[in-house]
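Only one structure is covered here, and it is reproduced in the block below.
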């Protein structure tokens, strides 16, 4: 709320000056209150009503903004300012078809409406229709050659169309015209990074960061560029900075979790994977990472749930189902996952090694173990070293669940001896051996 007496003058000009000062601070609700101080006759003008609608839209009060803009539009169907406010409301509400229809209507009234032209260009660019996007950006630049949105939009089209020279020329023009605009440097950095010039990209991102130190996406781009340069510790710090800027957005966690894993900060990695699963539940690798770490610490029920969700999202990756079954048995008892294993097993080709691995644990869940000798023989005969390492790993857990720890240790160690570090089971096997005191160091 605006403190009483903060604004001493009450002329329309002075009130609007205060409105714009509040808008610069993103104090939209406070700015809206000031409109009530404007003389009623002046407040009722079309220009003032639309200004109020624009501020209401910025404040997220879309219904109020829409009501004003629609009222003005009904009074004058050719008022492009009202139509444009309505188009921005449709954009915020994710109604791209309605937004485009309004923008095209504006262009039909005023074919030199730069904001409408650039917005149409952006819509087509997001739809990967670069030819249509280029046409609208070119039309906007023909009217306003120095318009920032049009310059950046056209430069993006050139970049996506693999015309780096023209793209760079427009970015350079934008930098010259808007040297204090952070996104200009960020955009040019993306071009340089794509061209394989990380040093130049980083220089632009350093400048962008200095101009806008609280931009999440500048932090992400800078961290990614540092990662390209194999400057992992600096990259991690920048991804972590992105997390600190916006802890409620998922992307940076996907990097910090993996890097914490690599640095040996397993507890920190587990927390970031858990954050990923909450912020983006449709990202399967968050559940995968969480499942691995819950398995590492023996939180079997939580590991089971995470593997079940991973397998649901990645049904072609057969091993998640077996890992879910193993954790289920460890969390409850051998019989608990029988129905789950039945469903997963029936997805596999009956002649495949995956099917027989599922069958091994399915039989175990029914306390029938006739297939173990067959699987041991298959492991002995297997010539593919990755496949053999995986079979041995699962045999280790098979005997672990049966209570035969000597055999379990033997198979976990044999799996490690094959040194197949690219299989996902490698990490789990290392943690098992470490917990059992069987690592050679």
Any residue at all in the stretch 361-376 that is surrounded by 17 or more Cβ atoms within 10 Å (Cβ to Cβ), outside any helix (DSSP H, G or I) and modelled with pLDDT under 95? yes
Checked 87, 96, 74 against criteria (over 32 Å from the mean Cα position of the chain (by Cα) and over 23 Å from residue 12 (Cα atoms)); the one match is 74
Within the stretch 385-409, how many residues are at pLDDT 95 or above and surrounded by fewer than 16 Cβ atoms within 10 Å (Cβ to Cβ)? 4
Hits in the stretch 298-337 (condition: assigned to a loop (DSSP other than H, G, I, E, B) and over 18 Å from residue 401 (Cβ atoms)): 314, 315, 316, 317, 318
When residues of the stretch 384-418 are filtered for being under 37 Å from the mean Cα position of the chain (by Cα) and farther than 21 Å from residue 320 by Cα, how many remain? 1
Check 153, 108, 121, 94 and return the single one that is outside any helix (DSSP H, G or I), closer than 27 Å to residue 58 by Cα and out of contact with any strand residue (DSSP E or B) (no Cβ under 9 Å at 6 or more places or on another chain). 94
Identify all residues within the stretch 124-150 that are under 24 Å from the mean Cα position of the chain (by Cα), part of a helix (DSSP H, G or I) and exposed (fewer than 15 other Cβ atoms within 10 Å of the Cβ); write none if there are none. 126
Given (1) in contact with a helix residue (DSSP H, G or I) (Cβ under 6 Å, 6 or more places away or on another chain); (2) surrounded by 16 or more Cβ atoms within 10 Å (Cβ to Cβ), index of the condition residue 354 fails: (1)
Filter result for the condition that a residue is farther than 19 Å from residue 425 by Cβ and in contact (Cβ under 8 Å) with a residue 12 or more places away in the chain, over 324, 336, 291, 306: 336
Can you go through 160, 177 and tell me which one is in contact (Cβ under 8 Å) with a residue 12 or more places away in the chain, surrounded by fewer than 16 Cβ atoms within 10 Å (Cβ to Cβ) and closer than 30 Å to residue 259 by Cβ? 160
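Residue-by-condition table, conditions (1) within 26 Å of residue 17 (Cα to Cα); (2) touching a helix residue (DSSP H, G or I) at 6+ places or on another chain (Cβ under 7 Å); (3) without any contact (Cβ under 8 Å) to a residue 40 or more places away in the chain:
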position: 40; (1), (2), (3): yes, no, yes
position: 49; (1), (2), (3): yes, yes, yes
position: 54; (1), (2), (3): yes, yes, yes
position: 60; (1), (2), (3): yes, no, yes
position: 78; (1), (2), (3): no, yes, yes
position: 100; (1), (2), (3): no, yes, yes
position: 106; (1), (2), (3): no, yes, yes
position: 109; (1), (2), (3): no, yes, yes
Screening 172, 180 for residues that are outside any helix (DSSP H, G or I) and closer than 19 Å to residue 148 by Cα leaves only 180
Residue 402 - would you say it is more than 25 Å from residue 316 (Cα to Cα) and in contact with a helix residue (DSSP H, G or I) (Cβ under 8 Å, 6 or more places away or on another chain)? yes
Flag for residue 356 being at pLDDT below 95 and assigned to a helix (DSSP H, G or I): yes
Confirm whether residue 347 is more than 24 Å from residue 404 (Cβ to Cβ) and either surrounded by fewer than 24 Cβ atoms within 10 Å (Cβ to Cβ) or touching a residue at least 40 places away in the same chain (Cβ under 8 Å) (or both). yes
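The values are calculated or read from the model by the stated rules, or taken from the named source; none is laboratory data. Being a predicted model, the structure only gives us computed values, none of them experimental. Cβ sites come from the backbone with ideal geometry, for glycine too, and all protein chains shown count toward neighbours.
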